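The block underneath contains the structure these notes are about, expressed in structure tokens.
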Amino acid sequence: MDPEVGANRTSVTEFILVGLVETEQLQSVVFVVFLFAYLVTVGGNLSILAAILVEPKLHTPMYFFLGNLSVLDVGCITVTVPSMLARLLSHKRTVPYRACLTQLFFFHLLAGMDCFLLTVMAYDRFLAICRPLTYNTHMSQNVQRILVAVSWTLGFTNALNHTIALTTLNFCGPNIVNNFYCDLPQLFQLSCSSTQLNELLLFVAAAFMAVAPLVLITVSYAQVAAAVLQIRSVEGRNKAFSTCGSHLTVVCLFYGTGIFNYMCLGSGESSDKDKGVGVFNTVINPMLNPLIYSLRNPDVQDALWRVFVGRKSLT
């Protein structure tokens with residue numbers, strides 16, 4: 001390796017993002033579709049957030065966490081889609097090295113926060129259904145704020161570790177990223193130095209950020225299911241399950257696409273399947289979450305109706 005390259009750590013000053021499609025006609029279609037998806041996602045999540053803020057009936061721990069999830073969804077799609085739309089308009093596919101690292105940092109910050117927040121929401125449902133008598137004590141406003149603050153701290157630490165570790169790699173050759181945003185698997189493939197330590201860090205982080213929360217969510221819902229099945233009233237069981245169904249759907253979508261995206265490290269070059277998973281992670285999931293949480297929730301539907309028609313709550 002050239003000594004000058006080793007001294008500068010990296011000779012690559014910018015990356016080229018291939019994007020989703022290469023033909024100009026399809027790029028126009030992609031621009032319209034993703035602009036629409038972005039507007040729908042931001043509008044839907046901000047509507048959920050507004051409904052939670054203005055409706056007293058929704059001032060509960062479950063909806064406090066849902067409001068934070070809406071903020072994360074807006075942030076997640078904003079980190080990736082607007083920059084992609086700007087490149088489609090300008091027909092420039094390059095992104096500076098530092099901008100790529102910045103995008104990667106915020107993406108992993110929000111994704112890590114998502115992991116912990118979904119775990120906190122499962123814990124909230126466990127307390128509400130399995131420990132109803134002590135629910136208000138164990139899920140006070142101070143506890144809610146602490147749980148969210150800890151989630152942000154852990155997500156920030158995870159993202160910072162990955163970003164700092166990435167700066168130790170040498171990029172001295174190809175700079176073409178086969179994706180529409182910067183992420184670790186694609187950047188690892190472009191490094192001309194060993195990525196073993198980085199992949200080990202990602203593996204350890206995945207165990208802590210994904211596997212452990214998923215186990216806790218599974219254990220929580222196993223106990224919730226056992227408690228709900230003991231309810232004699234069919235209406236009571238349906239009501240209890242309905243409060244958990246939306247969250248479980250979001251968990252399955254989030255972890256299903258996330259695990260698929262990172263379980264094939266070192267398996268070769270990026271493929272179009274990786275791009276499809278990336279679209280699910282950054283666009284489809286944030287867009288579906290407001291729909292999932294409002295579709296079977298009459299309280300949220302009523303609150304949204306009041307927000308849009310301007311009527312005050314009767315409670």
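Testing Asn136 on (1) touching a Cys at 6+ places or on another chain (Cβ under 8 Å); (2) without any contact (Cβ under 8 Å) to a residue 40 or more places away in the chain, one condition comes back false. Which one is that?
(1)
May I ask you to say which residue of Ala207, Ala212 is loosely packed, with under 14 Cβ neighbours inside 10 Å and closer than 22 Å to Pro185 by Cα?
Unique residue meeting the criteria: Ala207.
Is it the case that Ile259 is under 25 Å from Asp183 (Cβ atoms), at pLDDT 75 or above and open to solvent by 30 Å² or more (accessible area, probe 1.4 Å)?
Here the answer is no, as Ile259 does not meet what is asked.
How many residues are in a loop (DSSP other than H, G, I, E, B) and not β-branched (Val, Ile, Thr) when one looks only at the range 147-195?
Looking only at that region, the number is 17.
Quick one: would you say Val21 is over 15 Å from the mean Cα position of the chain (by Cα), surrounded by 15 or more Cβ atoms within 10 Å (Cβ to Cβ), without any contact (Cβ under 8 Å) to a residue 60 or more places away in the chain and more than 19 Å from Val250 (Cα to Cα)?
Numbers: over 15 Å from the mean Cα position of the chain (by Cα): yes; surrounded by 15 or more Cβ atoms within 10 Å (Cβ to Cβ): yes; without any contact (Cβ under 8 Å) to a residue 60 or more places away in the chain: yes; more than 19 Å from Val250 (Cα to Cα): yes.
In short, yes.
Take the residues in the range 171-187 that are among the polar types (S, T, N, Q) and open to solvent by less than 20 Å² (accessible area, probe 1.4 Å); name whichever of them is farthest from Leu88 (Cα to Cα).
Step by step, filter the range 171-187, then rank; the result is Gln186.
Scan the range 41-64 for residues that are of a type in the set (Lys, Arg) and either in contact with a Leu (Cβ under 8 Å, 6 or more places away or on another chain) or open to solvent by less than 30 Å² (accessible area, probe 1.4 Å) (or both) and jot them down.
none
Taking the stated definitions as given, is Thr94 over 30 Å from Glu14 (Cβ atoms), over 22 Å from the mean Cα position of the chain (by Cα) and modelled with pLDDT of 90 or more?
Working: over 30 Å from Glu14 (Cβ atoms): no; over 22 Å from the mean Cα position of the chain (by Cα): yes; modelled with pLDDT of 90 or more: yes.
Here the answer is no, as Thr94 does not meet what is asked.
In the range 157-165, is there at least one residue being in contact with a Gly (Cβ under 8 Å, 6 or more places away or on another chain), more than 29 Å from Ala86 (Cβ to Cβ), open to solvent by less than 20 Å² (accessible area, probe 1.4 Å) and not polar (S, T, N, Q)?
The answer is no, given that none of the residues of the range 157-165 is in contact with a Gly (Cβ under 8 Å, 6 or more places away or on another chain), more than 29 Å from Ala86 (Cβ to Cβ), open to solvent by less than 20 Å² (accessible area, probe 1.4 Å) and not polar (S, T, N, Q).
Given the conditions (1) within 25 Å of Ser294 (Cβ to Cβ); (2) surrounded by fewer than 22 Cβ atoms within 10 Å (Cβ to Cβ); (3) touching a residue at least 60 places away in the same chain (Cβ under 8 Å), report the number of the one that Leu118 does not fulfil.
(2)
Looking at the structure I just gave you, is Ile77 part of a helix (DSSP H, G or I) and over 19 Å from the mean Cα position of the chain (by Cα)?
Taking the combined requirement at face value, the residue does not satisfy it.
So which pairs qualify, if the first residue must be in the range 196-208 and in a helix (DSSP H, G or I), the second must be open to solvent by 100 Å² or more (accessible area, probe 1.4 Å), the Cβ gap must be under 9 Å, and the two must be at least 6 apart or on different chains?
If the second residue must be open to solvent by 100 Å² or more (accessible area, probe 1.4 Å), the pairs left are Ala206/Met263.
Answer with yes or no whether Phe15 is open to solvent by 40 Å² or more (accessible area, probe 1.4 Å) and either in a strand (DSSP E or B) or at pLDDT 95 or above (or both).
no
Which condition from (1) open to solvent by 50 Å² or more (accessible area, probe 1.4 Å); (2) under 18 Å from Cys244 (Cβ atoms) is the one that Tyr135 breaks?
Going through the list (1) open to solvent by 50 Å² or more (accessible area, probe 1.4 Å); (2) under 18 Å from Cys244 (Cβ atoms), Tyr135 breaks only (1).
Among the residues of the range 89-100, is there at least one that is in contact with a helix residue (DSSP H, G or I) (Cβ under 7 Å, 6 or more places away or on another chain), assigned to a helix (DSSP H, G or I) and surrounded by 18 or more Cβ atoms within 10 Å (Cβ to Cβ)?
No, the range 89-100 contains no residue that is in contact with a helix residue (DSSP H, G or I) (Cβ under 7 Å, 6 or more places away or on another chain), assigned to a helix (DSSP H, G or I) and surrounded by 18 or more Cβ atoms within 10 Å (Cβ to Cβ).
The values are calculated or read from the model by the stated rules, or taken from the named source; none is laboratory data. What you see is a predicted model; the values in this text were computed from it and never measured. Note that each Cβ is placed from the backbone with ideal geometry, even for glycine, and that neighbours are counted across all protein chains shown. Surface accessibility is based on the protein's heavy atoms, side chains included, excluding ligands, DNA and RNA. Shrake-Rupley method; radii C 1.70, N 1.55, O 1.52, S 1.80 Å.
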